[in-house]
Amino acid sequence: MGMGNLFSATMISGSGLTAERMRMEVAANNIANANSTSSATGGAYRRQQVVFAAAMEQANGNGAAGHSAPQTVSAMNGVQVVGVEPDQSPLPRVHNPGHPDADADGYVEMPNVFLPNEMIDLMTANRAYEANLKSLQTFRQMAEQALSLMRASG
């Protein structure tokens, strides 16, 4: 086993940590804007979603084309954040004629952010982050034990 394959587990876990941290930041931003009826782009705030891509597909050159080719262990590179995109689900309309952003009929477009969904996103991202962190900690412990065995035998 080459050194590149030995540390690929750490690279995969590291990419997972980065991706899940981004997912938590986006969910927190969504929660912070759950009542924002006006945004810089105009209209109510739209919920943001993180888009992931498997880095293995990108390494093999078939991520964009969508072709399936044989995958090799050496090509596994974890996950990559491709971008953050707005959720295009409809914005709920609430009748509130006294609101400064109300239209002529008294309706206000509200953000398409629903707190229970965002809390679930936060919890699942947190669990995935913890799992990746535990994987890194386990690798570190295994490496330390291997080094101590090598020292003892030599």
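The values are calculated or read from the model by the stated rules, or taken from the named source; none is laboratory data. Given the structure is predicted, the values throughout are model-derived calculations rather than measurements. Cβ coordinates were reconstructed from backbone atoms using ideal geometry, including for glycine residues, and neighbour counts include every protein chain displayed.
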(request) Can you give me the number of residues within the range 18-27 that are aliphatic (A, V, I, L, M) and either surrounded by fewer than 18 Cβ atoms within 10 Å (Cβ to Cβ) or within 15 Å of PRO116 (Cβ to Cβ) (or both)? (result) 2
(message) For the condition in contact (Cβ under 8 Å) with a residue 12 or more places away in the chain and more than 30 Å from GLY43 (Cβ to Cβ), what is the one hit in ALA128, ALA152?
(response) ALA128
(request) Please give the number of the condition ASN30 fails out of (1) surrounded by fewer than 14 Cβ atoms within 10 Å (Cβ to Cβ); (2) touching a Pro at 6+ places or on another chain (Cβ under 9 Å); (3) at pLDDT 95 or above. (result) (1)
(message) Among the residues of the range 49-71, are any surrounded by fewer than 15 Cβ atoms within 10 Å (Cβ to Cβ), within 30 Å of LYS134 (Cα to Cα) and modelled with pLDDT under 80?
(response) yes
(request) Can you tell me which residue among VAL108, VAL82, VAL113 is among the β-branched types (Val, Ile, Thr), assigned to a strand (DSSP E or B) and at pLDDT 95 or above? (result) VAL108
